[in-house]
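What follows is a single structure, written as structure tokens, with notes after it.
The values are calculated or read from the model by the stated rules, or taken from the named source; none is laboratory data. Predicted model only: the values in this text are computed from it and were never measured. Note: ideal-geometry Cβ built from the backbone for every residue, glycine included; neighbour counts use all protein chains shown. These accessible areas exclude ligands, DNA and RNA; they are computed on the full protein's heavy atoms, side chains included. Shrake-Rupley method; radii C 1.70, N 1.55, O 1.52, S 1.80 Å.
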Amino acid sequence: MGRTSQVTAGIAHRAADYRERVPKNRNTFSFLARWPRRAASRAVHAGWAWAQRTGAVTAEHPGRLRFGAIGAGTRLAFPQGTVFGERWIELGAHCIIGERVTLTAGMMPDLDLGPDPILTLGDGVVLGRGSHVIADTTVTIGSDTYCGPYVYITSTNHSYDDPHEPVGRQWPRMEPVAIGPGCWIGTGAVILPGARLGRNVVVAAGAVVRGEVPDHAVVAGAPARVVRSWDPEKGWQPPLRTPAPVPIPKGVTPEQLLALAEPDEVRETP
């Protein structure tokens, strides 16, 4: 027997010996000891689920938040992130705002920002968990724009003109931000002041976007640059490397889609 085989056999022998010496703890008392922990765990999960349902913000149940407008079907998940300047924040219909999303209008609470909205979300906007939208001046997000988790959109940037003054004490620069309808903004992307995104723009995860991005473009990198764009005659340039998804045929019901998603062995079970 080789040295490796001897070592393996020794380990297996010691493991077997350990299992024989350690009690199995399968008696009634061990079950009773586990029961309070299981009950407490179920209670905690049930309580958290209740808090999530009750703490969500909607047009019908705004809680302490008084937005300038909040459309039907819009929901801010609980727990919310930092929210202030609600009077100057307008949310369209059927928006989905994930947990711990920060929405702010103005540099600090309790400022009078004038008669017009500062932060505007169109209908059907999705902001992923942990995202931040900081609107010290106007920020507009077009309808049906989807943002992944931890996206950062801001209309304010620190200035560092004075080399003798701490950057955090210097007056910031502000430029409006406009994001067109139908965009997709990937996880961890940063949209900087002055950014203007066109319609149906794709922003890759982790990209840092500034300046103007044309309609139907894909941008990536830091700073972001256009890596793919749509040509009406040639299509996507450079061409897509994956086939286009097949659309769902008309008339297909949700039940039929669920049946297609089941494994073959489940569908064949009588």
ask   = How much length is gained on full extension from Thr102 to Trp35, taking 0.36 nm per residue of separation minus their Cα-Cα distance?
value = 20.2 nm
inquiry  = With every protein chain left in place and a probe of 1.4 Å, what is the accessible surface of His45, to the nearest 10 Å²?
reply    = 130
key: Built amide H within the under 5 Å cut-off of Asp144, gap 5+   = Asp123, Gly124, Val125, Gly182
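Sorted by average packing, counted as other Cβ atoms within 10 angstrom per residue and highest first, what order do 111-120, 77-86 take?
Highest mean packing first, the order is 77-86, 111-120.
Between Ala72 and Ala222, what is 0.36 nm times their sequence separation minus the Cα-Cα distance? Round to one decimal in nm.
Working: separation 150, 0.36 × 150 = 54.00 nm, distance 3.70 nm.
Answer, rounded to one decimal: 50.3 nm.
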key: Accessible area (Å², per residue) of the stretch 33-175, counting only protein heavy atoms and a probe of 1.4 Å   = 57
inquiry  = Could you give the length gained by full extension between Asp215 and Thr82, i.e. 0.36 nm per residue of separation minus their alpha carbon distance, to one decimal place?
reply    = 44.7 nm
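Keeping the other protein chains in place, figure out the carbon and sulfur percent of the accessible area of the stretch 114-270, with a 1.4 Å probe.
Answer for the stretch 114-270 is 57 percent, counting heavy atoms of protein chains only.
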query = So how do Glu212, Glu165 rank on accessible area, 1.4 Å probe, biggest first, that is with the largest at the start?
reply = Glu212, Glu165
key: Distance between modelled label sites at Arg173 and Ala244, nm, 7 Å Cα→Cβ extension   = 4.1
